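Comments concern the structure below.
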Amino acid sequence: MSYHVNKKGYYGEYGGAYIPEMLYPNVEELRQKYLEIMNETSFKEEFNQLLKDYVGRPSPLYFAKRLSEKHNAKIYLKREDLNHTGAHKINNTIGQILMAKRLGKKRIIAETGAGQHGVATATVCALMGMQCIVYMGEIDITRQAPNVARMKMLGAEVRPALSGSRTLKDATNEAIRDWINNPVDTHYIIGSAIGPHPYPDMVTRFQSVISEEIKWQLKEKEGSENPDYVVACIGGGSNAAGTFYHYLDVPEVGIIAVEAAGKGINSGESAATSVLGKTGIIHGCKTLLMQTQDGQITEPYSISAGLDYPGVGPMHSHLYTSGRGEFYSATDDEAMVAGLELAQLEGIIPAIESAHALAIFEHKKFKKDDVVVISLSGRGDKDLDTYIKYFKL
Ligand SMILES: *Cc1c(COP(=O)(O)O)cnc(C)c1O
């Protein structure tokens with residue numbers, strides 16, 4: 001079985017490009033050119049140079065000694081939290097801004113929920129001197145004021161989405177409307193391994209630098225490129241896709257995804273998409289998503305803004321359905337405790353998203369000599385208020 005995208009843009013039965021007719025030329029242009037552009041020597045050189053000098057790659061692979069003793073396994077952390085802007089999202093936005101330049105685009109649009117992808121997009125637009133418009137739900141604009149300020153300081157325009165629930169899905173609708181109206185000069189930077197083909201594959205390839213580095217870093221430390229398990233949290237699934245990519249076809253490496261169970265899988269307040277989801281269409285692709293009986297997308301919930309998404313990328317739906325990946329979900333409480341534990345055992349304050357991956361030890365027991373690599377997708381600075389309130393610090 002293949003876990004990679006096929007020529008038609010599908011992972012098993014998931015993926016494809018379910019888009020309005022008027023968007024077809026934009027998506028088709030990207031589909032025809034993305035692989036060719038990514039394979040150009042000059043593209044690779046510029047991408048790798050920026051990852052090195054601007055993002056600060058390679059990110060360290062850190063052996064977490066005290067965490068390993070506590071949980072009886074050899075635990076390594078892939079330190080995406082040390083990247084410029086504090087998470088893995090920048091790997092993708094650097095790649096896409098270079099893609100936009102090669103396609104001759106002058107204007108960048110993006111949607112954002114919590115504002116993390118908006119900040120990563122505004123950052124690379126400043127870097128390249130490109131116009132940047134970020135659509136954001138009106139509710140999210142008030143909830144996420146610091147990230148709105150960051151985007152503005154970076155020179156982006158933040159446009160409120162005023163319709164519907166005034167959150168992420170409404171911002172996405174606005175971004176798509178903008179793209180339809182500006183098909184020639186605009187590139188739409190999607191922030192996770194979702195969207196119509198070729199976005200999931202393109203984003204995954206940009207993020208695959210994570211597992212490319214893990215391979216040689218682990219070889220240096222353990223004498224083998226292959227851990228027993230790779231573990232990542234899943235919102236839309238981009239840090240997970242990057243962490244899994246080079247191990248998809250290596251059956252001896254176990255793939256573990258951790259979703260947000262919120263207040264509990266059956267509480268009605270969760271984002272455990274693969275368990276609760278059914279096949280449907282979201283953001284232009286066919287994938288597992290949380291929906292009501294009559295197909296309305298359900299409002300997701302998680303304490304971590306980055307996992308608060310009702311769908312999951314098509315690659316992950318396929319990993320789940322095919323059984324190649326093991327899927328777990330961690331509650332708010334489990335994640336918060338795991339985040340505090342990492343802070344006190346290793347001196348690293350993780351993003352609450354990443355803390356969900358760390359909560360795997362509540363759900364699965366490893367063998368003492370198992371090598372377990374966990375994607376530490378981001379740092380916890382942005383989450384300090386949530387930690388303060390939760391633990392009454
Ligand atoms: C956005 C975000 C995520 C979730 O996004 P994916 O596309 O699933 O990786 C996870 N961790 C951090 C730190 C984030 O900012």
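The values are calculated or read from the model by the stated rules, or taken from the named source; none is laboratory data. Predicted model only: the values in this text are computed from it and were never measured. Every residue, glycine among them, receives a Cβ derived from its backbone with ideal geometry; neighbour counts consider all protein chains shown.
Quick notes on this structure:
- Selection within the stretch 41-59 - surrounded by fewer than 17 Cβ atoms within 10 Å (Cβ to Cβ) and touching a residue at least 24 places away in the same chain (Cβ under 8 Å): GLU46, TYR54, GLY56
- Matching option when the condition is in contact (Cβ under 8 Å) with a residue 24 or more places away in the chain, at negative phi and either more than 15 Å from the ligand (Cβ to nearest atom) or in contact with an Asp or Glu (Cβ under 6 Å, 6 or more places away or on another chain) (or both), among SER354, SER302: SER302
- Applying the criterion of being within 14 Å of the ligand (Cβ to nearest atom) and of a type in the set (Ser, Thr, Tyr) to the residues of the stretch 60-100, the residue that is surrounded by the fewest Cβ atoms within 10 Å (Cβ to Cβ) is THR85.
- Residue within the stretch 337-350 that is within 9 Å of the ligand (Cβ to nearest atom) and not basic (Lys, Arg) present: yes
- Of the strands (runs of 3 or more DSSP E) lying entirely inside the stretch 283-393, the ones with 3 or more residues being aliphatic (A, V, I, L, M) are found at 371-376.
- There is no residue in the stretch 171-192 that is more than 13 Å from the ligand (Cβ to nearest atom), hydrophobic (A, V, I, L, M, F, W, C) and assigned to a strand (DSSP E or B).
- Residue tally, condition free of Cβ contacts under 8 Å to residues at least 40 places away in the same chain and buried (at least 22 other Cβ atoms within 10 Å of the Cβ), over the stretch 142-160: 3
- Residue check for ILE194: in contact with a His (Cβ under 6 Å, 6 or more places away or on another chain) and more than 14 Å from ILE97 (Cα to Cα): yes
- Residues of the stretch 193-229 that turn out to be touching a residue at least 40 places away in the same chain (Cβ under 8 Å), more than 16 Å from the ligand (Cβ to nearest atom) and part of a helix (DSSP H, G or I), as a count: 5
- Matching residues, the stretch 329-355, being over 16 Å from PHE391 (Cβ atoms), crowded, with 22+ Cβ neighbours inside 10 Å and not aliphatic (A, V, I, L, M): SER329, GLU353, SER354
- Yes/no for ALA257 being of a type in the set (A, V, I, L, M, F, W, C), away from the ligand (no atom under 13 Å from the Cβ), modelled with pLDDT of 95 or more and in a strand (DSSP E or B): no
- GLU80 vs. criteria among the acidic types (Asp, Glu) and over 17 Å from ARG205 (Cβ atoms): no
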